[in-house]
1. Within segment 1-39, track down each residue that is of a type in the set (Val, Ile, Thr) and not in a strand (DSSP E or B).
2. Give all pairs with beta carbons closer than 7 Å in which a residue from segment 128-154 that is without any contact (Cβ under 8 Å) to a residue 60 or more places away in the chain meets a residue that is among the acidic types (Asp, Glu) and crowded, with 20+ Cβ neighbours inside 10 Å; count only pairs at least 6 apart in sequence or on separate chains.
3. Test each condition in (1) surrounded by 14 or more Cβ atoms within 10 Å (Cβ to Cβ); (2) closer than 24 Å to Val5 by Cα for Val73 and report the one that comes out false.
4. Please go through (1) over 18 Å from the mean Cα position of the chain (by Cα); (2) surrounded by 12 or more Cβ atoms within 10 Å (Cβ to Cβ); (3) more than 23 Å from Lys8 (Cβ to Cβ); (4) of a type outside the set (S, T, N, Q) for Pro139 and return the number of the only condition it doesn't satisfy.
5. Do we have any residue at all in segment 40-52 that's part of a helix (DSSP H, G or I), under 19 Å from Arg145 (Cβ atoms) and touching a Leu at 6+ places or on another chain (Cβ under 9 Å)?
6. Please identify the pairs in which a residue from segment 74-96 that is over 28 Å from Asp107 (Cα atoms) has its Cβ atom under 8 Å from the Cβ atom of a residue that is part of a strand (DSSP E or B) and among the polar types (S, T, N, Q), counting only partners at least 6 apart or on another chain.
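Each value in this text was obtained by applying a stated rule to the coordinates, not by laboratory testing. None of these values were measured; they are calculated from a predicted model. Reconstructed Cβ throughout: ideal geometry from the backbone, glycine too, with neighbour counts over all protein chains shown.
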Amino acid sequence: MSYHVRCKRLAPQPVLFIRAHVERSKLESTVSSFLNEICDYISTKGMQPSAPPYTRYHAFDDNDIDLETGVPVIRRVNGQGMIQTGEIPGGDYACTEHWGPYEQMQDAMRALNEWMFDHGRQASGPSIEVYWTDPTTEPNANRWRTELLRPLQPIAQAASVA
């Protein structure tokens, strides 16, 4: 699969999220459970998500993943229990889309990393997956659309010579 990578600017986005260390073998079930818990909580506040859900990967090794799964909201609202309030920072992001099963996204992430290298850009934070397709309503994994994002460090401004 070929990936088109581009740079896009995002505004800061308030979110509700749950952060946890998760075993790799329990990744999908944990993300699903967290999203259900957050959406139920949002509903009790009389709100709806303002954008598709996401997962931000803070760190991972062969078995353990430090992740944050969340839902963007229109305004900041207090969390409860494991649900925290936060923000996805605004700024420039390298982004691409992956169509297909989650376990086949390695090439998309590789394309993001190659684009950053080719354009002299460096990541400024953890990668983010935005889930545009809900697997509970679309059983065909080949139709799942996931946007991959890498926040970028600002480009250094050239010093003006007087």
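1. Val5, Thr30, Val31, Ile38
2. Thr146/Glu129; Leu148/Glu129
3. With (1) surrounded by 14 or more Cβ atoms within 10 Å (Cβ to Cβ); (2) closer than 24 Å to Val5 by Cα applied to Val73, the lone miss is (2).
4. (2)
5. Checked segment 40-52: no residue is part of a helix (DSSP H, G or I), under 19 Å from Arg145 (Cβ atoms) and touching a Leu at 6+ places or on another chain (Cβ under 9 Å).
6. Cβ pairs passing all conditions: Arg76/Thr85; Val77/Thr85; Asn78/Thr85; Gly79/Thr85.
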